[in-house]
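Participant: Here it is, the structure, as structure tokens.
What follows is calculated from the coordinates using simple rules that are stated; it is not laboratory data. Given the structure is predicted, the values throughout are model-derived calculations rather than measurements. Please note: Cβ atoms are built from the backbone with ideal geometry, for glycine as well, and neighbour counts cover all protein chains shown.
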Amino acid sequence: MTAYLIRRTLHALIVLFGVSLIVFVLLHLLPGGPARASLGVRANPSSIKAFNAEYGLNQPLPIQYVEWISQVIRGNLGFSYKLNQSVNSLLIENIPRTLVLTGSATLLAIGVAVPLGALQAVRRNSAADYVVTGFALIFYSMPSFFLGLVLIIVFSDVLPIFPPTGPTATAPLLTQLPNLVLPVATLTLITVALFSRYMRSSALENLAEDYVRTAKAKGASILRVLFRHVIPNALLPVITLVGLSVPGILGGALIVESLFNYPGMGLLFWNAAQTEDFPTMLGTILVVGLAVVLGSLLADIFYGVADPRVRHQ
Amino acid sequence: MIGNERPGGKGTASVAPAEVIAAESGVRSASLRKATLIVFLQNRLALAGLVIVAGFFLFCFLGPVFYHTNQIATNVQIANQPPSLKHLLGTDSVGYDELGRLMAGGRITLLIALAVAVLATSIGLIWGCVAGVSRSAVDSLMMRIVDAALAIPGIFLLIFLNSILKPSVFVLTFVIAALAWLVPSRLVRAEVLSLRERPFIEASRTAGANGVRIVLRHLVPNVFGTVAVNATFQVADAVLAVAALSFLGLGIPPPAANWGSMLANGVNYTFAGYWWQIWPAGICIVAVVVGFNFIGEGLRDAIDVRLRAA
């Protein structure tokens with residue numbers, strides 16, 4: 001297990017190094033380079049020159065990278081001159097709300113997709129299976145902004161039950177639960193569509209195993225076979241799936257947040273794109289990349305804990 | 001295709017088996033191709049996908065021949081009109097005809113999506129083959145680049161790149177393709193890794209074929225199935241990417257039309273009851289994406305049959 005952990009962590013560190021290189025390259029892709037990114041588009045040449053000298057931006061690129069990354073590692077992601085606030089404080093303010101959105105959507109999606117996929121596998125090729133598969137495919141093909149819009153029309157306009165906008169940043173989330181419903185529902189439905197397909201095929205594979213036949217032969221009911229034997233085994237790939245879905249869920253959250261005006265990291269990023277607030281955008285990209293790498297690392301570690309066959313490869 | 005690896009060897013006993021095998025494999029690959037086609041055509045969902053996609057191509061490219069609209073100049077006097085005989089799907093907030101705009105938006109979307117699929121697949125194919133064939137250091141360097149780029153959710157990078165570049169058809173195509181090649185490169189490399197240990201590659205190498213020849217003659221044709229399936233899914237993903245960027249206001253600016261920006265415009269009128277500004281554009285996106293996904297799944301099943309036979 002230790003060797004497996006070390007190997008996986010090393011790989012994650014290498015990928016993180018790559019992510020930081022990509023962000024560094026993006027920083028230098030900007031018209032005018034990092035100076036203009038920080039000082040704004042209308043910065044005059046002399047202040048850019050002073051800025052470059054102060055921050056060592058006239059040094060060779062490798063040295064600049066080392067200086068930049070040592071700041072990042074110490075937790076300094078830069079300063080947003082547009083919002084007059086450090087990128088760190090912006091992210092610390094917005095990330096918890098994004099975690100509420102993505103976390104609840106992911107948990108709900110697992111809660112729905114696991115039994116749904118298992119039942120589809122049991123009733124394979126029945127009408128119900130086709131209907132669920134069809135809906136899953138439609139939701140899977142549906143851009144999140146359109147699905148969210150449909151939910152707004154149905155549940156805010158035709159049947160005015162839930163508010164069409166997300167919560168506001170000024171009050172705590174717990175006091176605005178109705179505002180959370182539609183954003184969370186949108187992200188959940190899209191994620192269910194993704195998960196249930198995998199759950200169905202994973203359950204199908206397990207249903208064909210010998211231990212299922214043994215359990216049936218012992219006289220276990222179909223529900224017992226399902227919940228005691230098939231689902232726990234079929235859940236294994238779901239660990240990996242959730243870990244690998246982090247980029248998809250974060251990307252979905254970005255669109256959901258901008259549609260519902262939900263004050264999270266995605267909305268922060270989108271607003272930054274509208275105002276050319278590059279330090280905020282790059283800081284967010286770094287954090288998102290870190291989350292994705294951590295997601296897949298944790299998934300691999302959990303998988304190694306849950307399934308001893310993996311770590312002995 | 002057959003027999004050009006052995007100069008002057010015709011008729012000698014020692015090469016007869018190779019010729020027989022080559023001839024046999026030629027026959028077999030023809031029948032396999034036929035089997036693949038049959039399996040694909042028997043798949044009702046795949047056929048439905050083909051019909052949807054073909055329908056959209058006709059609608060977007062031939063539609064404007066029969067249904068003339070002005071998609072350049074705005075006309076606020078006829079803004080937000082409900083469907084009528086003059087404007088079959090009504091007009092939007094600046095007076096563009098919605099049905100004509102669906103055609104114009106679809107044209108750009110389909111062109112970009114197809115171009116992205118071709119471009120990204122080609123890059124992915126080359127990258128994956130080179131990484132798979134070259135061993136150790138080069139391979140792991142190339143794949144770590146892919147890992148790192150995939151660690152950043154595509155939409156974040158797309159938004160970032162679009163906010164520093166001025167979006168046009170070309171910019172959008174290259175930006176989306178710049179991210180879309182990552183997945184096929186992984187798929188191709190994985191297949192190349194297993195293929196390169198197979199006896200026929202070894203045989204070819206023993207016969208004196210160089211790396212380039214092995215890649216072009218043996219690896220590329222063999223990974224082509226996987227790549228084709230993935231390319232179909234990529235068209236669907238690119239349609240979604242274009243729509244999402246346009247919805248977020250980072251697509252090609254007006255007067256260029258796009259289903260995503262049409263929807264974004266419709267959002268403002270959700271509670272005004274202007275359904276014609278929301279549903280048609282949304283349904284178009286979903287239908288085209290579903291269509292390409294159906295084709296992709298049908299292709300995958302059909303090629304699966306081929307793999308089982310081989």
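Participant: Over chain B, with a Gaussian network built from C-alpha contacts below 10 Å, which listed residue (B:Val65, B:Val267, B:Val289) shows the highest mean-square fluctuation?
Facilitator: Of B:Val65, B:Val267, B:Val289, the most mobile in the Gaussian network model is B:Val65.
Participant: Moving on to the next point. Once amide H atoms are placed 1.01 Å from N in the peptide plane, what residues at a sequence separation of 5 or more from B:Thr91, or on another chain, have their amide H within under 5 Å of its amide H?
Facilitator: The answer is B:Asn80, B:Gln81, B:Glu98.
Participant: Can you run phi through the Karplus equation (6.51, -1.76, 1.60; θ = phi - 60°) for region A:165-171 and list ³J(HN,Hα) in whole Hz, with x for Gly and Pro?
Facilitator: Values per residue, Gly and Pro as x: 10, x, x, 9, 7, 7, 10 Hz.
Participant: Also: Residue separation times 0.36 nm, minus the C-alpha to C-alpha distance between B:Ala190 and B:Gln42: what's the value?
Facilitator: Values: separation 148, 0.36 × 148 = 53.28 nm, distance 2.96 nm.
Value of the extension gain: 50.3 nm.
Participant: What average number of partner chain Cβ atoms lie no more than 10 Å from the Cβ of the residues making up B:255-262?
Facilitator: On the way: counts 0, 0, 0, 0, 2, 3, 0, 0.
Partner-chain Cβ atoms within 10 Å, mean over residues of B:255-262: 1.
Participant: Another one. What residues qualify as long-range amide H neighbours of A:Gln85, i.e. H under 5 Å apart, gap of 5 or more or another chain, H built at 1.01 Å from N?
Facilitator: Correct list: A:Ser80.
Participant: If you average over every viewing direction, what projected area does the convex hull of the Cα atoms of region B:127-200 give, in nm²? Please report the intermediate quantities before stating the final value.
Facilitator: Values: hull surface 23.2 nm².
Its Cα hull, projected and averaged over all orientations, spans 5.8 nm².
Participant: OK, next. With a Förster radius of 45 Å, plug the Cβ-Cβ distance of A:Leu159 and A:Leu29 into 1/(1 + (r/R0)^6) and report the FRET value to the nearest 0.05. Show your work: numbers first, answer last.
Facilitator: Details: r = 47 Å, r/R0 = 1.05.
In this case the efficiency is close to 0.40.
Participant: Can you give me the long-range amide H partners of A:Tyr262? Hydrogens built in the peptide plane at 1.01 Å from N, cutoff under 5 Å, separation of 5 or more residues or another chain.
Facilitator: Result for A:Tyr262 returns A:Gly166.
Participant: Show me, for region A:112-122, the HN-Hα J-couplings you get by feeding each phi into the Karplus relation (A = 6.51, B = -1.76, C = 1.60, θ = phi - 60°), rounded to Hz, glycine and proline as x.
Facilitator: The phi angles translate into 8, 6, 5, x, 4, x, 5, 5, 4, 5, 5 Hz.
Participant: If the convex hull of the alpha-carbon atoms of region A:143-217 is projected onto planes in all directions, what is the mean projected area in square nanometres? Before the final figure, lay out each step's value.
Facilitator: Details: hull surface 32.0 nm².
If you wrap the Cα atoms of region A:143-217 in a convex hull and average its projections, you get 8.0 nm².
Participant: What does the highest-first list of A:191-204, A:159-172 look like by mean Cβ count within 10 Å? Could you put the intermediate results ahead of the total?
Facilitator: Numbers: A:191-204: 22.1, A:159-172: 14.6.
By packing density, highest mean first, the sequence is A:191-204, A:159-172.
Participant: Right, here's the next one. What does the structure give for A:13-23 when I average, per residue, the other chain Cβ atoms found within 10 Å of the residue Cβ?
Facilitator: Details: counts 0, 4, 8, 3, 2, 10, 6, 1, 2, 6, 3.
If you average over the peptide's residues, the count of other-chain Cβ atoms is 4.
Participant: Points 7 angstrom from Cα along the Cβ direction at A:Leu10 and B:Asn210: gap in nanometres?
Facilitator: Those two pseudo-labels are separated by 3.5 nm.
Participant: Please give the Cα centre distance for region A:52-130 versus region A:266-313, rounded to the nearest Å.
Facilitator: When both Cα centres are located, 5 Å separates them.
Participant: Tell me which DSSP H helices of chain B clear both cut-offs, 18 Å or more of axial length from alpha-carbon atoms and a mean Kyte-Doolittle hydropathy of at least 1.6.
Facilitator: Values: long enough: B:16-42 (39 Å, 0.67); B:44-57 (20 Å, 2.14); B:98-133 (51 Å, 1.63); B:136-150 (21 Å, 1.11); B:182-195 (20 Å, 0.99); B:220-247 (39 Å, 1.42); B:279-309 (45 Å, 0.98).
Long hydrophobic helices here: B:44-57, B:98-133.
Participant: Which of A:Val184, A:Val158, A:Val150 ends up with the largest GNM mean-square fluctuation for chain A, with Cα atoms connected below 10 Å?
Facilitator: A:Val158
Participant: Can you list, bin by bin at 20 Å, the percent of alpha carbon pairs in chain B, starting at 0?
Facilitator: P(r) for chain B, in whole percents per bin: 27, 47, 21, 4, 0.
Participant: If neighbour count is taken as other Cβ atoms inside 10 Å, put A:Ile69, A:Ile48 in order from fewest to most. Please report the intermediate quantities before stating the final value.
Facilitator: Numbers: A:Ile69 15, A:Ile48 18.
Exposure proxy ranking, most exposed first: A:Ile69, A:Ile48.
Participant: How large is the helix-only mean residue ellipticity at 222 nm for chain B, computed as the sum of -39500 (n - 2.57) over DSSP H runs with n ≥ 4, divided by its residue count, in deg cm²/dmol to the nearest 500? Could you put the intermediate results ahead of the total?
Facilitator: Values: 12 runs with 209 residues, N = 310.
Per the formula, -22500 deg cm²/dmol.
Participant: Which translational diffusion coefficient, to the nearest whole µm²/s, is obtained for the protein assembly as shown from the Stokes-Einstein equation, given a Kirkwood hydrodynamic radius over C-alpha pairs, 10 °C and 1.306 mPa s?
Facilitator: On the way: Rh = 27.0 Å.
The calculation lands on 59 µm²/s.
Participant: Fully extended, how many nm does the chain gain between B:Ala228 and B:Leu85 (0.36 nm per residue separation, minus their Cα-Cα distance)? Don't skip to the answer; put the middle values down first.
Facilitator: Details: separation 143, 0.36 × 143 = 51.48 nm, distance 4.26 nm.
So the extension gain works out to 47.2 nm.
Participant: Starting from the 7 Å offset along Cα-to-Cβ, what nm value, one decimal, do you get for the label separation of A:Lys49 and A:Ala306?
Facilitator: In this crude spin-label approximation the distance works out to 6.1 nm.
Participant: Ok, one more. Taking neighbour Cβ counts within 10 Å as the exposure measure, how do B:Leu240, A:Leu16, A:Leu10, B:Leu45 sort from fewest upward? It would help to have the intermediate numbers written out before the result.
Facilitator: Working: B:Leu240 24, A:Leu16 20, A:Leu10 10, B:Leu45 17.
Arranged by neighbour count, lowest to highest, B:Leu240, A:Leu16, A:Leu10, B:Leu45 become A:Leu10, B:Leu45, A:Leu16, B:Leu240.
Participant: Rounded, prolate or oblate: pick one for chain A, where a ≥ b ≥ c are the square roots of the eigenvalues of its C-alpha gyration tensor, a/c under 1.5 means rounded, and failing that, prolate if a/b is larger than b/c, else oblate. Before the final figure, lay out each step's value.
Facilitator: On the way: a/c = 3.10, a/b = 1.60, b/c = 1.94.
In terms of gyration-tensor shape, oblate.
Participant: Output wanted: per-residue J couplings in Hz (rounded whole) for region A:153-162, from phi through Karplus 6.51 cos²θ - 1.76 cosθ + 1.60, θ = phi - 60°, x for Gly and Pro.
Facilitator: Using θ = phi - 60°, the values come out as 4, 6, 9, 10, 9, 5, 10, x, 9, 10 Hz.
Participant: GNM, chain A, Cα, under 10 Å: largest mean-square fluctuation among A:Glu205, A:Glu54, A:Glu67?
Facilitator: Result for chain A, Cα springs under 10 Å: A:Glu54 fluctuates most.
Participant: A follow-up question, please. At 0.36 nm per residue, minus the direct Cα-Cα distance, what do A:Leu61 and A:Arg42 gain on full extension? Give it in nm, one decimal, please.
Facilitator: Details: separation 19, 0.36 × 19 = 6.84 nm, distance 2.45 nm.
4.4 nm is the gain from fully extending A:Leu61 to A:Arg42.
Participant: Tell me the relative contact order for chain A as a rounded percent, counting alpha carbon contacts under 8 Å between residues six or more apart. Let's see the in-between values first.
Facilitator: Values: 337 pairs, mean separation 81.7, N = 313.
Worked out over chain A, it gives 26 percent.
Participant: Then there's this: At what distance in nm do the modelled label points of B:Ala137 and B:Ala287 sit from each other, each positioned 7 Å from its Cα along Cα→Cβ?
Facilitator: 5.6 nm
Participant: So, one more: If you take each beta carbon of peptide A:135-144 and count the beta carbons of other chains within 10 angstrom, what is the mean? Please report the intermediate quantities before stating the final value.
Facilitator: Working: counts 0, 0, 6, 5, 1, 4, 13, 6, 13, 3.
Taking the mean over all residues of the peptide, I get 5.
Participant: Now for a separate question. Taking neighbour Cβ counts within 10 Å as the exposure measure, how do A:Arg74, B:Arg144 sort from fewest upward?
Facilitator: Ranking A:Arg74, B:Arg144 by Cβ neighbours within 10 Å, fewest first, gives A:Arg74, B:Arg144.
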